[in-house]
1. Obtain the nm distance between the two label points defined at residue 181 and residue 82 by a simple spin-label model: each point lies 7 Å from its Cα along the Cα-to-C-beta direction.
2. Compute the signed sum of charges (Lys and Arg +1, Asp and Glu -1) over the other residues within less than 15 Å, Cβ to Cβ, of residue 118.
3. For every other residue with a beta carbon closer than 10 angstrom to the beta carbon of residue 83, add +1 if it is Lys or Arg and -1 if Asp or Glu, then tell me the sum.
4. Which whole-number value in Å³ per residue fits the convex hull of the alpha carbons of segment 161-227?
5. Kindly provide the trypsin sites (Lys or Arg not before Pro) of segment 34-122 that DSSP labels as loop, not H, G, I, E or B, and whose Cβ sees at most 14 other Cβ atoms within 10 Å.
6. At 0.36 nm per residue, and after removing the present C-alpha to C-alpha distance, how many nm does the segment from residue 107 to residue 174 gain when stretched out fully?
7. Order of 146-156, 166-176 by packing, highest average Cβ count within 10 Å first?
8. Does anyone have the angle between helix 107-122 and the longest principal axis of the chain? Alpha-carbon axes, 0 to 90°, nearest 10?
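Where a number appears in this text, it was derived from the coordinates with a stated rule and is not lab data. Just so it is clear, the structure is predicted and the values come from calculations on it, not from any experiment. Neighbour counts are summed over all protein chains in view; Cβ atoms, including those assigned to glycine, are modelled from backbone coordinates with ideal geometry.
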Amino acid sequence: MKQLVLDIGLATGPTLKSFFAGPNQALLRHLELWVGEKSASVTRSPVPTYLWGSSGSGKTHLLKAVRLALTEQGATVGWLDATLHEPPEFNPHWSAVLMDDVHAYSTLQQHAAFNWFINAQTHQRWVLGAGELPPADLKLRDDLRTRLGWGHVFQLHVLSEPERRAVLRQAADARGVFLTDEVMDFMLTRFSRDLGSLMELLDLIDGYAMQTQRAITVPLIKLMMENS
C-alpha cells in the first residue's frame, strides 16, 4: 500500500507545548527557556542555535512553534525556508531570524541567509536554523555553514515506533478515546509517521467519530478519508 501523507492545516500552528520531546528533552527545554524571556531585545541570548535531523523529526514544527510564541508576545521575526525564492531584506525590528531547511537553500537563499546572519549579529538578534545535516556536512557556502555551527547545535532524534504508539495512546486517553491496536497499526502504516501529522489525524478522527456517533475503527477512518 502506498503511504498516505496527510496535509492538514493547523488552526493556530504548532506549539512548543504540543511537541512530544521524547529523547529531545534538552533541546525543547533550551527553546522554552529562550522563548520564555519576555524582553527579547535586551535579555535574550544572541548566540545562534542550529537543529538537525532527518525529515519528520520535528524541525519545522519547532521553528514554527518559536515563531508563534514570539508573535503572540508582540514580536516580529524573519522567516526563510527553501520555498521562499525572493527573500526580503533584513529588518532590524525582527526579534529573531528563523531559517528552515537550510540544506536545500539555493545560491540566492544562501546569500540572503548570510546577510541576515551578519545583520542579526550586528543587532544582537537570535538566529535559529534547521536542516537535515550537521553543520559540517551542509553543502553551503563556507561562511554561512561555519556561522550555523558556531553556537548551540542539537541533533533531533526521531521517536521510535513504541514511543510514537505511547504518545498516541496517551493523547487518545486524554480525549477519552480508545484506540485498538488495529487502528494504531493503520494510522502508523498508512499515514505520515511524524507526530505532528499523527496528532492532527487523531483530532480529525475523534471529531469525525463524534459527528457520526460511531466508535473509532479502521472502516470509519477509511470512510472519513473517502468523504474528505
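1. Going from the residue 181 label point to the residue 82 one covers 3.8 nm.
2. Working: positive: 125, 141, 145, 147; negative: 89, 142, 143.
Residues close to residue 118 contribute a combined charge of +1.
3. On the way: positive: none; negative: 81, 100, 101.
Residues near residue 83 contribute -3 overall.
4. Values: hull volume 5.2 nm³, N = 67.
Enclosed volume per residue, from the Cα hull, is 77 Å³.
5. Numbers: sites: 38, 44, 59, 64, 67; in loops: 38, 44.
Counting only loop positions with at most 14 other Cβ atoms within 10 Å, the trypsin sites (Lys or Arg not before Pro) in segment 34-122 are 38.
6. Numbers: separation 67, 0.36 × 67 = 24.12 nm, distance 4.65 nm.
The residue 107-residue 174 span can extend by a further 19.5 nm.
7. Working: 146-156: 17.4, 166-176: 13.8.
Sorting 146-156, 166-176 by mean packing, highest first, produces 146-156, 166-176.
8. So the helix axis and the longest Cα principal axis differ by about 70 degrees.
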